[in-house]
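The values are calculated or read from the model by the stated rules, or taken from the named source; none is laboratory data. Treat the numbers as computed from the prediction; the structure is a model and nothing was measured. Here the Cβ is made from the backbone with ideal geometry for all residues, glycine too, and neighbour counts use every protein chain on show. Just the protein is used for accessible areas: all its heavy atoms, side chains included, with ligands, DNA and RNA removed. Shrake-Rupley method; radii C 1.70, N 1.55, O 1.52, S 1.80 Å.
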Amino acid sequence: MLAESSRDCLAKCSLVEMELVGSCCTLIAQLVISAQPPHPVQLPSDLLKLLYGAILLDTVCLSYESGRTTKKDEETVELIESKLQQSPESRDELFQKISAAKFSVNHLTTLELLNKDSKTLQLKDFKISIPTVSGISASELQNRPGFLQHLEKKMNIEKLNACLIITTLTTNFRELILHSKDKEMEDKLIAELK
């Protein structure tokens, strides 16, 4: 829920840039790095490192084969590397460390997994949550103790009509789990996904 002052602030905002890139952090980094007077921004190195790591993770270490990398992502990573005085040879090592952390989910409860990376879409009277669960297959997730109870709890708390769970065991393979209390709605969604 946004505070009233936040809503006022957002109402005054305008679209700055919309472009297809592999990582939203690419656009954020480009925006703040290229800021001109009267609003120049000097980013702390920790923030640059966070943007750098997120871009590498989102683009599978700038892999064009993944289908997630653009020239702008590559240029932004190179720009950040120059600002951090970091060698391109260190990319893969950092990517491996971040990937290992992302896919390490054994310590999380099922409900935490469902809420960790979740987007919600509401259109009129229809509300769907789309959580992405990394590091576990769909069958492993469904076989976790209390899976259905946790899923129902999420649906009740968020007042959802449906939940479409995307599992990613590796960076290039995805499985879907669809759940809805409304069988007719579930059938329509399945038909649309085919």
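Just a few scattered comments:
- Flag if Ser134 is touching a helix residue (DSSP H, G or I) at 6+ places or on another chain (Cβ under 6 Å) and more than 14 Å from Thr110 (Cα to Cα): no
- Among the residues of region 51-86, those that are small (Gly, Ala, Ser) and open to solvent by less than 50 Å² (accessible area, probe 1.4 Å) comprise Gly53, Ala54, Ser63, Ser66.
- Residue in region 104-125 that is touching a residue at least 40 places away in the same chain (Cβ under 8 Å), over 20 Å from the mean Cα position of the chain (by Cα) and surrounded by 16 or more Cβ atoms within 10 Å (Cβ to Cβ) present: no
- Scanning region 144-159 for residues that are touching a residue at least 40 places away in the same chain (Cβ under 8 Å) and either more than 13 Å from Ile128 (Cα to Cα) or open to solvent by 30 Å² or more (accessible area, probe 1.4 Å) (or both) turns up His150, Lys153.
- Pairs are defined by a Cβ separation below 6 Å, a sequence spacing of at least 6 or placement on different chains, a first member in region 67-92 that is in contact (Cβ under 8 Å) with a residue 24 or more places away in the chain and on the phi < 0 side of the Ramachandran plot, and a second member that is in a helix (DSSP H, G or I) and aromatic (Phe, Trp, Tyr); the pairs so defined are Ile80/Tyr52.
- Residue check, Leu47 of a type in the set (A, V, I, L, M, F, W, C) and over 18 Å from Thr132 (Cβ atoms): yes
- Among (1) open to solvent by less than 20 Å² (accessible area, probe 1.4 Å); (2) out of contact with any Asp or Glu (no Cβ under 9 Å at 6 or more places or on another chain); (3) farther than 30 Å from Tyr64 by Cβ - the single one Ala162 does not satisfy: (2)
- Selection status of Glu78, at pLDDT 95 or above and farther than 30 Å from Phe147 by Cα: yes
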